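The values are calculated or read from the model by the stated rules, or taken from the named source; none is laboratory data. All of these numbers come straight from a predicted model, not from anything done at the bench. All Cβ positions, even for glycine, are placed from backbone atoms using ideal geometry, and neighbour counts span all protein chains on display. Heads up: the accessible areas ignore ligands, DNA and RNA and are worked out on the full protein's heavy atoms, side chains in. Shrake-Rupley method; radii C 1.70, N 1.55, O 1.52, S 1.80 Å.
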Amino acid sequence: MSGLFYGSGVALVTPFFRGEIDYVRLGALIDWQISEKTDALIICGTTGEASTMTDEERMDTIAFAVSRAQGRVPVIAGTGANDTRRAIVLSERAEAVGADALLVVTPYYNKANADGLVRHYTGIADHVSIPVIAYNVPSRTGVNLTPHIMVELARHPRIQGIKEASGNIAQISELAHLAGDGLFIYSGNDADTLPILSLGGRGVISVAANIVPRRMHDLVMHFLKGDFAESQKIQLALIPLMQALFCDINPIPVKAALSMMDKIMDELRLPLTSLNADKRAQLKSILADFDLLPKK
């Protein structure tokens, strides 16, 4: 199965219970996501709190997702690190446990210049045989993967996509112009999904899909099938929910929302802490407006 997809890929949370990964609830989430038409599972990304998981936990979680998905949708593993050697090892191991593709964030904290970024990504891609999706999120990493660097990276046969979360539509437009059909561009921000689709994007890697997977799938698929009005209607209707899911640092709000929906425990790993009472009340009100709370 190709790790590249059209549609909505969920940036899946990692459920915890008493400090450990809650595989029972993770399995239920995966089954629910697939039944609700999610087009790909992104495991151990930012929303999955990979930065607070050990390497063994990450591999076990990826392997579990592969086993549970049973080939129904691609499983894309987050294997980014700010140490190229470690990112290569994580990528090799993720492929070995069955991941269909890799999502690799730009190096953070120590950062990298253009030459370093090219060598980092090509070094990873040289060591695997599955597709690599670069992840550009300057607000978290302090590094911007510019269109010219990305186009150079895309010459590598396995660097085939980018999750664009810069929020810079002008930059993404330039990338689409330079890359043409040679690169799968995915929106990394839910609110940017429709604009990026209009530039030739293939879909979204979505936080909101944790909560409304079918609607995120429909948003993309209506657009790709030419029903632009319906896609716009869904995008605009979801704006209040998308905003509510970012009322605090991701994935704090989305985990709170899933707990209100009785799908996971509201548990995060430090330094992340649970949503405060005021924001929790506002989020619950939004979920009620969208009829997402369990019926009493």
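Restricting to segment 4-25, name every residue that is under 23 Å from M242 (Cα atoms) and either touching a strand residue (DSSP E or B) at 6+ places or on another chain (Cβ under 9 Å) or without any contact (Cβ under 8 Å) to a residue 24 or more places away in the chain (or both).
Correct list: F5, Y6, G7, S8, G9, V10, A11, L12, T14, P15.
Quick check: is even one residue across segment 14-25 farther than 22 Å from Y186 by Cβ, touching a Pro at 6+ places or on another chain (Cβ under 9 Å) and among the hydroxyl-bearing types (S, T, Y)? Write out each step before concluding.
Narrowing segment 14-25 to residues farther than 22 Å from Y186 by Cβ: 15-25.
Next, from what is left, pick out any that are touching a Pro at 6+ places or on another chain (Cβ under 9 Å): 21-25.
Keeping just the survivors that are among the hydroxyl-bearing types (S, T, Y) gives 23.
Yes, there is a match, as at least one residue in segment 14-25 is farther than 22 Å from Y186 by Cβ, touching a Pro at 6+ places or on another chain (Cβ under 9 Å) and among the hydroxyl-bearing types (S, T, Y).
Collect the residues in segment 275-291 that are open to solvent by 30 Å² or more (accessible area, probe 1.4 Å) and either on the phi > 0 side of the Ramachandran plot or within 22 Å of the chain's Cα centre (by Cα) (or both), keeping them in residue-number order.
D291, the sole residue that qualifies.
Can you spot a residue in segment 74-90 that is open to solvent by 30 Å² or more (accessible area, probe 1.4 Å), modelled with pLDDT of 95 or more and either within 17 Å of the chain's Cα centre (by Cα) or at positive phi (or both)?
No.
So, in segment 64-73, how many residues would count as being in a loop (DSSP other than H, G, I, E, B) and either open to solvent by less than 10 Å² (accessible area, probe 1.4 Å) or within 21 Å of V24 (Cβ to Cβ) (or both)?
Summing the residues that are in a loop (DSSP other than H, G, I, E, B) and either open to solvent by less than 10 Å² (accessible area, probe 1.4 Å) or within 21 Å of V24 (Cβ to Cβ) (or both) in segment 64-73 gives 3.
So, in segment 242-274, of the ones that are open to solvent by 30 Å² or more (accessible area, probe 1.4 Å) and among the β-branched types (V, I, T), which residue ends up farthest from Y6 (Cα to Cα)?
Selected residue: T273.
Would you check which residues across segment 198-228 are under 23 Å from A101 (Cα atoms), hydrophobic (A, V, I, L, M, F, W, C) and open to solvent by 10 Å² or more (accessible area, probe 1.4 Å) and list them?
V207, M221, L224
Please go through segment 91-111 and give me each residue that is assigned to a helix (DSSP H, G or I) and either buried (at least 22 other Cβ atoms within 10 Å of the Cβ) or touching a Leu at 6+ places or on another chain (Cβ under 6 Å) (or both), ordered by number.
S91, A94, listed by residue number.
Which condition does P195 not pass, out of (1) in a helix (DSSP H, G or I); (2) open to solvent by 10 Å² or more (accessible area, probe 1.4 Å); (3) in contact (Cβ under 8 Å) with a residue 40 or more places away in the chain; (4) closer than 24 Å to I234 by Cβ, if it passes all the others?
Here P195 clears every test but (3).
Just to verify a result, which residue in segment 155-169, among those that are touching a strand residue (DSSP E or B) at 6+ places or on another chain (Cβ under 7 Å) and free of Cβ contacts under 8 Å to residues at least 60 places away in the same chain, is surrounded by the fewest Cβ atoms within 10 Å (Cβ to Cβ)?
Going through the qualifying residues, I end up with R158.
Name, by its number, the condition in (1) open to solvent by less than 60 Å² (accessible area, probe 1.4 Å); (2) out of contact with any helix residue (DSSP H, G or I) (no Cβ under 6 Å at 6 or more places or on another chain); (3) of a type in the set (S, T, N, Q) that does not hold for S231.
For S231, the failing item is (2).
Enumerate the pairs (first residue in segment 243-265 and touching a residue at least 60 places away in the same chain (Cβ under 8 Å) and at negative phi; second residue anywhere and open to solvent by less than 20 Å² (accessible area, probe 1.4 Å) and of a type in the set (K, R)) with beta-carbon separation below 8 Å, excluding pairs fewer than 6 apart on the same chain, so at least 6 apart or on different chains.
Qualifying pairs under 8 Å: I264/K255.
Consider segment 1-59. How many of its residues are open to solvent by 30 Å² or more (accessible area, probe 1.4 Å), among the hydroxyl-bearing types (S, T, Y) and within 22 Å of G80 (Cα to Cα)?
5
Of I172, I130, I239, I149, which residue is open to solvent by less than 10 Å² (accessible area, probe 1.4 Å), modelled with pLDDT of 95 or more and on the phi < 0 side of the Ramachandran plot?
Details: I130 fails: open to solvent by less than 10 Å² (accessible area, probe 1.4 Å); I239 fails: open to solvent by less than 10 Å² (accessible area, probe 1.4 Å); I149 fails: open to solvent by less than 10 Å² (accessible area, probe 1.4 Å).
The unique qualifying residue is I172.
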